[in-house]
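Only one structure is covered here, and it is reproduced in the block below.
The values are calculated or read from the model by the stated rules, or taken from the named source; none is laboratory data. Keep in mind the model is a prediction, meaning the values are calculated, not measured. For neighbour counting, all protein chains shown are included, and Cβ atoms are generated from backbone atoms with ideal geometry for every residue, glycine included.
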Amino acid sequence: MDFPLEHSAHSMKLLGSGLKKQPLVFASLAYLALPYAIFFFGYLRWYLALICGICLVLGLEFALRIPVNVPRFTISISQLLLVLLAAFFFLILAGVGGYGHQDGDWPKHTAVLDVLIQQAWPVSYSFSAEQGAVLPPLRTPLVYYIAYYLPAAIVGKLFGWFWANQALFLWTYFGLCLALLWFAVLAHRLSFLTLLIVICFSGLDVIGLAIVRTVFLHEPLAFLHWEHIERWSGNWQYSANSSLLFWVPNQALGGWIACGIIFSALFYGREKKGLIFYLALSPLWSPFVTLGLLPYFIADFFSGKKSWMTRVTQYLSFSNVIGVLLILVSVLFYSAKFYPIPLPLSPVSKGFVLTHPVVPGLSVIESVALLVLFVLFELLLYMFVIYASGLPLSAREQRFLQTTLIFLLILPLYRYGFWNDLVMRASIPGLCVLCIFTIRAFFYAVTNKRLVAVLAALLLLIGALNSSIEFKRHIVKTYERAALLVIPQAKELHKVPAKKLNSSFFFQYIGSPDAPFFRWLTKPLGAAKRVIPVSELIEIYGPGSPRK
C-alpha cells in the first residue's frame, strides 16, 4: 500500500510540489496555530492580542504560499481510512478524555485543563502565609506549555467538564491523524506495517532493563510484572512513541506535527522563507521540542559554501519576521519562570547529570556504564542499521542523520526538570528522525540487503516489546475498572503528586507575576479559586527554599 505516483479516480492529492495550499500542510499549520490565537486573545491586552492575531493570520497566509517540494504522490481512500482507524485504535485506550486507563501524568493534565476552564485568564494561584492572613496573598501565574489544552478549555467554559473531555479526545484524534500522515510522508510509504512500526517504535528498553536487573541489581527478571520500563537506565529516558502518546500527548502531538512540516521543508524544500514561522508555532506546545529542533536549523544554516549574506537573506521573508515576533512572545512568557518567587519551594533541578542525577546513590562508574548502555540500546543500534542498509541518502538527509546522532549523544549529559524533562522531550525531534529513517532502511534492505533487514526487524520487534507493555497496562487497567469511559475528577495542581516529592516539582508550573510578560503584556491575573496556605505546600512537598 505504498503511495501511488499517479492520480486515480479513487485517490486524492494530499501534498504536492508547488501547490499554494497543500491540504496536509494547511491542516497542520491550522492545528498548531489555533491554540496561539486562543492564547493571544485570552491572555494578552486587547490591542496586543489584535496585533498578534493579525500577525498570526498574515504569517499563515504567506507561509502557505511557500511550496513544500515533496515528490508528488496521492493517497487512496482506503489508505486514508487505514490512517483514521489506526489513530482511533491507538488512541481509544490512551486515557485521553477518560477513554481508557490514564497514566501517572494525567492528573497533571486534568488539573491544568480544569483550572483553564474554572478560572479567568491569565490563570494564577494565590498563596498566603497563614489561612485568613491579613496580608494580600501572593499571586503566581500558571506558566506552562498549554497549547494542547486551550481548544478543549474553551469548550469546557461553554458547555462544562464532560464536553471539555470529549473535545480533548477529538482534538487529540485529529492531531494524531496528522502526525501519522507526516510519518508516512517522510518515510515514503503508507501501509499497515508502516503505521504499526510508527506506533510501536521504541528503544531496546527490554534488554536494558534485563541487564540492569541481573547485572546491577542482582534481581530476578519478573518480566510478566513489568508495567512501565522506560526509565530502566535511571537518569535518562528516550520515550517510545506509544509512551509519548499515553503520557504526554500535550508535547508529542505538537512535536510530531511541527517536525513533519519542518523536516519536509528541510529535506526537500528549496525555500527557507517559512521555516522560522513553522518553528514559532512549537514553543507554546513544548519549548523542549523547540530546543530539539534548533540543531537542525543550525546545521542547515551552516551547510554549503555560501556567504554569510546569502545564508541570512535566504531566511528573510515576511512570514519569518512574524515568526521571530511570535517566538519573542513565547520567550517572554516562559521567562517568567526565571524571576524570583518568594515561596518555600526548591528551584527546578538542573545541572550536569553526573553531579545532579535523577537517581542518587549511583557511583560515577555505574552512571557512566548505564549511560553507555542507554545510548547503545536507544540510538546506536538503530543508527548502525540505517547506515548498514545502504539506503541512498541525499546530502541533506546525511546531514540530518549526523545532526541527530550528535545531538542525541550530547543531550543526556545535562539534566533539567524533576524527571529530566529536557532529555525526555527535547529528544522528540531526533527520535522522529530515527523512526523515519529506520522505516526507510528496513524496507530498502528487504529487497537489497536481507541480512540487514533481518537485523532491523529484530530490533523493531524487541523495541515493540516495550510498547506492548504500555498497551498491556492500558488494556488490563481499563478492563479492571469495567468501563471504557470514566470522566476524570480534577485535583488542584499542587495536590497532584501521589507521594511527597521534591518541591521543585510544583515550581515547573508557575512563574513570577513581576516578569515583563505579566507586567506589561497581559490582562490582570485572573482570580484564583481559593487562597492556598503556604503550610499546605510544605505539608505536601516538605520544606524548601525560596527561589532567588
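Does W232 satisfy being under 25 Å from L376 (Cα atoms) and within 19 Å of the chain's Cα centre (by Cα)?
No; evaluated as a whole, the condition is false for this residue.
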Of everything in the stretch 503-525 that's among the small types (G, A, S) and at pLDDT 90 or above, which residue is nearest to I146 (Cα to Cα)? G511
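How many residues does the stretch 88-132 contain that are touching an Asp or Glu at 6+ places or on another chain (Cβ under 7 Å) and either in a helix (DSSP H, G or I) or farther than 17 Å from L244 by Cα (or both)?
In the first step, residues of the stretch 88-132 are kept if they are touching an Asp or Glu at 6+ places or on another chain (Cβ under 7 Å); the result is 95, 111.
Then drop every residue that is not either in a helix (DSSP H, G or I) or farther than 17 Å from L244 by Cα (or both), which leaves 111.
The number of residues fulfilling the criteria is 1.
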Among helices (runs of 4 or more DSSP H) completely within the stretch 156-246, the ones holding 3 or more residues that are in contact with a strand residue (DSSP E or B) (Cβ under 8 Å, 6 or more places away or on another chain) and within 25 Å of V96 (Cβ to Cβ) are 161-187
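Okay, residues lined up against (1) modelled with pLDDT under 95; (2) touching a Cys at 6+ places or on another chain (Cβ under 9 Å):
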| site | (1), (2) |
| --- | --- |
| N320 | no, no |
| I327 | no, no |
| Y334 | no, no |
| P344 | yes, no |
| H356 | yes, no |
| L376 | no, no |
| Y382 | no, yes |
| A395 | yes, no |
Contact list, first residue from the stretch 261-282 and among the basic types (K, R), second anywhere and outside any helix (DSSP H, G or I), beta-carbon distance below 8 Å, six or more apart or interchain, is R270/N69; K272/Q314; K272/Y315; K273/I66; K273/Q314; K273/Y315; K273/L316; K273/S317
Examine the stretch 418-436 for a residue that is under 23 Å from the mean Cα position of the chain (by Cα), outside any helix (DSSP H, G or I) and surrounded by fewer than 19 Cβ atoms within 10 Å (Cβ to Cβ), and state whether such a residue exists. yes
Of all residues in the stretch 91-111, count the ones that are of a type in the set (A, V, I, L, M, F, W, C) and surrounded by fewer than 22 Cβ atoms within 10 Å (Cβ to Cβ). 4
Given the conditions (1) without any contact (Cβ under 8 Å) to a residue 60 or more places away in the chain; (2) exposed (fewer than 14 other Cβ atoms within 10 Å of the Cβ); (3) under 22 Å from the mean Cα position of the chain (by Cα), which single one is not true for I406? (1)
Within the stretch 352-386, track down each residue that is farther than 19 Å from I410 by Cβ and surrounded by fewer than 15 Cβ atoms within 10 Å (Cβ to Cβ). V359, P360, G361, S363, I365, E366
Would you mind stating whether W106 is of a type in the set (F, W, Y) and free of Cβ contacts under 8 Å to residues at least 40 places away in the same chain? no
So which of A27, A63 ends up being surrounded by 20 or more Cβ atoms within 10 Å (Cβ to Cβ) and within 23 Å of F263 (Cα to Cα)? A63
Read through the list (1) farther than 30 Å from F162 by Cα; (2) modelled with pLDDT under 95, then give the number of the only condition that V496 fails. (1)
Determine whether the stretch 311-332 contains at least one residue that is aromatic (F, W, Y), surrounded by 22 or more Cβ atoms within 10 Å (Cβ to Cβ) and either touching a residue at least 40 places away in the same chain (Cβ under 8 Å) or assigned to a helix (DSSP H, G or I) (or both). no
Of those in the stretch 175-220 that are among the aromatic types (F, W, Y) and buried (at least 22 other Cβ atoms within 10 Å of the Cβ), the residue farthest from F267 (Cα to Cα) is F201
